There are 2 protein chains.
Amino acid sequence: MEYQEPLFFQLMQYASRSDHPDVIDMVSGNPDWGSPDGIGEGLHEYADFGGERFQYPPSEGLRDLREEVAERRNVPVEQVIITNGGGMANTLGMGRALERGSGDEVVMTDPVYPYYPGKTTMLGGEQRFVPVGADGSLDPDDVRDVASEDTACIVVNTPNNPTGKVYSEETLGELVAIAEEYDAILVSDEVYDHFDFTGEFTSALEFDSEHRIVTNSFSKTFAITGFRVGYAVVPDPHVDAVRARNMLTNVATTRPGQYAVLHALQTTDPAYYEANREELRERVDTFTDALDAADAEYTRPEGAFYVMAKFPDFPGTLENVYDLVDEAGVAGMPGNGFGDSADEWVRFALVTPRVEEAADRLADYFA
Amino acid sequence: MEYQEPLFFQLMQYASRSDHPDVIDMVSGNPDWGSPDGIGEGLHEYADFGGERFQYPPSEGLRDLREEVAERRNVPVEQVIITNGGGMANTLGMGRALERGSGDEVVMTDPVYPYYPGKTTMLGGEQRFVPVGADGSLDPDDVRDVASEDTACIVVNTPNNPTGKVYSEETLGELVAIAEEYDAILVSDEVYDHFDFTGEFTSALEFDSEHRIVTNSFSKTFAITGFRVGYAVVPDPHVDAVRARNMLTNVATTRPGQYAVLHALQTTDPAYYEANREELRERVDTFTDALDAADAEYTRPEGAFYVMAKFPDFPGTLENVYDLVDEAGVAGMPGNGFGDSADEWVRFALVTPRVEEAADRLADYFA
């Protein structure tokens, strides 16, 4: 598998230029349910500060924001580094894993969130893939089969994009154990942690270990993918190196965004998160009911925003997905962008109130 | 010379914790003259958008902002990539230079902006230093002496931090020619281009070549170092690779900041830039007059914000600079953080209206 540049932006561009008059966008991971009021309020407050507060924040992030995160995640504040979104948090975690001279292989799942293999190559590592089960479940024994002294990093995403799987506590515990066994670092990307439909989501933070870095973001939580504010929780032996890498790459993370996120964390009612989760749960039901009617195979997500669907004689290639845009007016992601194992599938993001209409269009198209 | 993490943030932290009741901060490159109104206005406007406009911008930046930059710099819009500040623009330029298999050495000046050697190491390159003249001038023949088939990159900063030198058109032209000769890439970091006191600043953009990447930022121009919005101008053969690297590292650059910068570009009167330049010119005079009175040696900057000063029997070590904070109440940067050649010097950033008071304090301290 070769990855250069994930296809998300390319698909979104294609959809925006299509001749179809009214494409339903199910490509991006852009939440459509709106940010909490605290985000806009925070930005308004910040806009009036000017002067010193428009200048560099500490490279590792605003102290108040780090403290808020540390308290919520029950970790020492020194371990929290604010980053340019979850993307940069993953870049730092994987970069740290690879720079230690403890192997150059990065183990990841197939299908996979396509940024991981791309980052691996960019950081000079080698990609190693572990197939997952039909339901997206990851068997730690399969990871162990691929792991070796050459393993620098294991990178996973739970709740998972694209499969919707929420890894069990046992699975995560085993992954940490494998990372310890091979002197690797488990990078656990948990950006969808607020979108767990099982009630059983487990963070890798629950395992006290120097061999796991947890990454997260406010992009999905607060529907602000454009702000670029995320964080990494980094165990003590790695935190200085990760902080240096963040500083040398980006100097610091944008301060207006950090301030707005802090304000939203302090003012957002828990009902906000619950309402969005409920909305998504309903969309999953609506969309999969319509897919049933269309005789499509699909995954029912335990978390995150995505449904993978498989239509008869319609492999998930870029060409086919472009046809769906132009002819059905529904934009999804080609499954083969997530790995060879997803060749037959198309991924749909449930980030539009029009999921039923989209599913009906698909049913008509494949009828 | 070894660099891990530039000392800027460490010094600022030390100054903020000092027992001295009223330290004058001359450490950071944080402009104190205030942002144009367009920045705050733009942020207020953006804060009310919500919804889709809070989501991912194109990875390479908002189209309108890229067009505005392209028009001002007279380059094709396709060559403009918006980045998380000038820092990330340099990371991309140097990363691109090093990934081509055309050498692993990065040539830079001594003294040097300390991020360059740190980035070089992080990106797997080897540092090569070229000493500059006492006035900060860079002799292209000295660069040629160090350049070889192993040279992947030449990175320079004009107007220069810390020396204040503005490189001549001839020098820049020669640097581009050397980059072409050795299949290297000149990364020309021009973040202080609005602070040229000579009227003779030359951008590397004036030389049409596939061997130069120009980086810039709005951090200094608009006094928004905390926003993290900069850009790279990348010749066609490298632009896809640089765009991919930006996407894989950071996904995208913060959108509220991009919007505010665009609004400021559209609304800021040229008098804003001129007034700040004039203010700095006066501060240079004031500060250097007081240094004359203190019998210190110093550099008189042709551009940027910095004066290097050398006091008798007082090498520019971290310990000495800490003493200046605690005892004189003036915080500067240790010269040896910029390279062996600056061992004897302390760098002062003229980003405070209290430059005269600071210079008087220094004169008293060394009296």
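The values are calculated or read from the model by the stated rules, or taken from the named source; none is laboratory data. Everything quoted here is computed from the prediction, not taken from an experiment. Ideal geometry is used to build each Cβ from the backbone, glycine not excepted, and the neighbour counts take in all protein chains shown.
Take the residues in region A:292-329 that are polar (S, T, N, Q) and over 21 Å from A:ASP22 (Cβ atoms); name whichever of them is farthest from the chain's Cα centre (by Cα). Full working, then the answer.
Applying the first criterion (polar (S, T, N, Q)) to region A:292-329 yields A:299, A:317, A:320.
Keeping just the survivors that are over 21 Å from A:ASP22 (Cβ atoms) gives A:299, A:317.
Details: A:THR299: 17, A:THR317: 22 Å.
Step by step, filter region A:292-329, then rank; the result is A:THR317.
In region A:292-309, which residues are of a type in the set (Asp, Glu), out of contact with any Ser or Thr (no Cβ under 9 Å at 6 or more places or on another chain) and not in a strand (DSSP E or B)?
Kept after step one, since they are of a type in the set (Asp, Glu), are these residues of region A:292-309: A:292, A:295, A:297, A:302.
Of the ones still in play, those that are also out of contact with any Ser or Thr (no Cβ under 9 Å at 6 or more places or on another chain) are A:292, A:295, A:297.
Within region A:292-309, A:ASP292, A:ASP295 meet the criteria.
Restricting the search to region A:343-367, which residues are surrounded by fewer than 24 Cβ atoms within 10 Å (Cβ to Cβ) and small (Gly, Ala, Ser)?
A:ALA363, A:ALA367
Looking only at region B:55-81, which residues are of a type in the set (Lys, Arg), within 21 Å of the chain's Cα centre (by Cα) and surrounded by fewer than 20 Cβ atoms within 10 Å (Cβ to Cβ)? Even if it seems obvious, please write down each step before you answer.
Just the residues of region B:55-81 that are of a type in the set (Lys, Arg), to begin with: B:63, B:66, B:72-73.
Restricting the remaining residues to those that are within 21 Å of the chain's Cα centre (by Cα) gives B:66, B:72-73.
If the condition is that a residue be of a type in the set (Lys, Arg), within 21 Å of the chain's Cα centre (by Cα) and surrounded by fewer than 20 Cβ atoms within 10 Å (Cβ to Cβ), then B:ARG72, B:ARG73 are the ones that fit.
Taking region A:253-266 only, how many residues are in a helix (DSSP H, G or I) and farther than 8 Å from A:GLY42 by Cβ? Lay out the reasoning, then the answer.
From region A:253-266, those in a helix (DSSP H, G or I) are A:255-266; that's our starting set.
Pick out the ones that are also farther than 8 Å from A:GLY42 by Cβ and you get A:255-258, A:265-266.
Total meeting the criteria: 6.
Step by step: first the residues of region B:110-121, then only those that are in contact with a Ser or Thr (Cβ under 7 Å, 6 or more places away or on another chain) and farther than 10 Å from A:LEU248 by Cβ, then the one that is surrounded by the most Cβ atoms within 10 Å (Cβ to Cβ). Which residue is that? I'd like the intermediate steps shown before the answer.
Start the filter on region B:110-121 by keeping residues that are in contact with a Ser or Thr (Cβ under 7 Å, 6 or more places away or on another chain), which leaves B:110-111, B:119.
Imposing the further condition that a residue be farther than 10 Å from A:LEU248 by Cβ reduces the set to B:110-111.
Details: B:ASP110: 17, B:PRO111: 26.
Going through the qualifying residues, I end up with B:PRO111.
Is it the case that A:VAL107 is buried (at least 23 other Cβ atoms within 10 Å of the Cβ), under 30 Å from A:LEU318 (Cα atoms), modelled with pLDDT under 95 and not small (Gly, Ala, Ser)?
On the way: buried (at least 23 other Cβ atoms within 10 Å of the Cβ): yes; under 30 Å from A:LEU318 (Cα atoms): yes; modelled with pLDDT under 95: no; not small (Gly, Ala, Ser): yes.
Answer is no for this residue.
Yes or no: region A:43-62 includes at least one residue that is in contact with a Leu (Cβ under 7 Å, 6 or more places away or on another chain), in contact (Cβ under 8 Å) with a residue 60 or more places away in the chain, under 22 Å from A:PHE338 (Cβ atoms) and more than 9 Å from chain B (Cβ to nearest Cβ).
Taking every residue of region A:43-62 in turn, none turns out to be in contact with a Leu (Cβ under 7 Å, 6 or more places away or on another chain), in contact (Cβ under 8 Å) with a residue 60 or more places away in the chain, under 22 Å from A:PHE338 (Cβ atoms) and more than 9 Å from chain B (Cβ to nearest Cβ).
In region B:192-241, which residues are within 11 Å of chain A (Cβ to nearest Cβ), crowded, with 20+ Cβ neighbours inside 10 Å and either within 20 Å of B:MET108 (Cβ to Cβ) or among the charged types (D, E, K, R) (or both)?
Correct list: B:SER217, B:LYS220, B:ARG228, B:GLY230.
Taking the options B:LEU43, B:LEU98, B:LEU7, name whichever one is modelled with pLDDT of 95 or more, of a type in the set (A, V, I, L, M, F, W, C) and over 16 Å from B:THR254 (Cβ atoms).
On the way: B:LEU43 fails: over 16 Å from B:THR254 (Cβ atoms); B:LEU7 fails: modelled with pLDDT of 95 or more.
When all the criteria are applied, what remains is B:LEU98.
What is the residue count in region A:342-367 for residues that are closer than 13 Å to A:PHE314 by Cβ and outside any helix (DSSP H, G or I)?
5
Considering region A:22-34 alone, what residues qualify as being more than 24 Å from B:GLU45 (Cβ to Cβ) and either surrounded by 15 or more Cβ atoms within 10 Å (Cβ to Cβ) or within 9 Å of chain B (Cβ to nearest Cβ) (or both)? Walk me through how you get there before you give the answer.
Start the filter on region A:22-34 by keeping residues that are more than 24 Å from B:GLU45 (Cβ to Cβ), which leaves A:22-27, A:29.
Answer for region A:22-34, where residues must be more than 24 Å from B:GLU45 (Cβ to Cβ) and either surrounded by 15 or more Cβ atoms within 10 Å (Cβ to Cβ) or within 9 Å of chain B (Cβ to nearest Cβ) (or both): A:VAL23, A:ILE24, A:ASP25, A:MET26, A:VAL27, A:GLY29.
Listed here are the residues, each with its yes/no results for (1) within 14 Å of chain B (Cβ to nearest Cβ); (2) closer than 27 Å to A:TYR306 by Cα.
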{"residue": "A:LEU92", "(1), (2)": "yes, yes"}
{"residue": "A:SER102", "(1), (2)": "no, no"}
{"residue": "A:PRO117", "(1), (2)": "yes, yes"}
{"residue": "A:THR120", "(1), (2)": "yes, yes"}
{"residue": "A:GLU126", "(1), (2)": "no, no"}
{"residue": "A:PRO131", "(1), (2)": "no, yes"}
{"residue": "A:ASP142", "(1), (2)": "no, yes"}
{"residue": "A:VAL155", "(1), (2)": "yes, yes"}
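Could we say that B:GLU327 is in a helix (DSSP H, G or I), without any contact (Cβ under 8 Å) to a residue 60 or more places away in the chain, out of contact with any Lys or Arg (no Cβ under 6 Å at 6 or more places or on another chain) and at negative phi here? Steps first, answer last, please.
Values: in a helix (DSSP H, G or I): yes; without any contact (Cβ under 8 Å) to a residue 60 or more places away in the chain: no; out of contact with any Lys or Arg (no Cβ under 6 Å at 6 or more places or on another chain): yes; at negative phi: yes.
Criteria not met by B:GLU327.
Which of the numbered conditions does A:ALA296 fail, given that it passes all the others? Conditions: (1) among the hydrophobic types (A, V, I, L, M, F, W, C); (2) in contact with a Gly (Cβ under 9 Å, 6 or more places away or on another chain); (3) over 30 Å from A:ALA97 (Cα atoms).
Only one criterion is unmet by A:ALA296, namely (2).
Out of all the residues in region B:330-340, which are touching a helix residue (DSSP H, G or I) at 6+ places or on another chain (Cβ under 9 Å), at pLDDT 90 or above and not in a loop (DSSP other than H, G, I, E, B)?
The answer is B:VAL330, B:ALA331, B:MET333, B:PRO334, B:GLY335.
Restricting the search to region B:177-191, which residues are in a helix (DSSP H, G or I), surrounded by fewer than 24 Cβ atoms within 10 Å (Cβ to Cβ) and in contact with a strand residue (DSSP E or B) (Cβ under 7 Å, 6 or more places away or on another chain)? Before you say what the answer is, go through the steps one by one.
Looking only at region B:177-191, we keep the residues that are in a helix (DSSP H, G or I), and these are B:177-181.
Then drop every residue that is not surrounded by fewer than 24 Cβ atoms within 10 Å (Cβ to Cβ), which leaves B:177-178, B:180-181.
Across region B:177-191, the qualifying residue is only B:ILE178.
Using beta carbons and a limit of 7 Å, which pairs, at least six apart or on different chains, have the first residue in region B:97-110 and at positive phi and the second one buried (at least 24 other Cβ atoms within 10 Å of the Cβ)?
B:GLY103/B:THR151; B:GLY103/B:ALA152; B:GLY103/B:ALA184
Being out of contact with any Lys or Arg (no Cβ under 6 Å at 6 or more places or on another chain) and touching a residue at least 40 places away in the same chain (Cβ under 8 Å) is the requirement here; does A:GLY136 meet it? I'd like the intermediate steps shown before the answer.
Working: out of contact with any Lys or Arg (no Cβ under 6 Å at 6 or more places or on another chain): no; touching a residue at least 40 places away in the same chain (Cβ under 8 Å): yes.
It is false that A:GLY136 is out of contact with any Lys or Arg (no Cβ under 6 Å at 6 or more places or on another chain) and touching a residue at least 40 places away in the same chain (Cβ under 8 Å).
From the list B:ASP37, B:ASP19, pick out the single residue that is surrounded by fewer than 17 Cβ atoms within 10 Å (Cβ to Cβ), more than 9 Å from chain A (Cβ to nearest Cβ) and modelled with pLDDT under 95. Explain how you work it out, then say what you get.
On the way: B:ASP37 fails: modelled with pLDDT under 95.
Answer to the check: B:ASP19.
Tell me which residues, restricted to region B:89-125, are within 17 Å of B:ALA179 (Cβ to Cβ) and among the acidic types (Asp, Glu).
Of everything in region B:89-125, those that are within 17 Å of B:ALA179 (Cβ to Cβ) and among the acidic types (Asp, Glu) turn out to be B:GLU99, B:ASP104, B:GLU105.
Checking A:ALA97 against (1) more than 13 Å from A:ALA241 (Cα to Cα); (2) more than 11 Å from every other protein chain (Cβ to nearest Cβ): exactly one of these is not met. Which one?
Exception for A:ALA97: condition (1).
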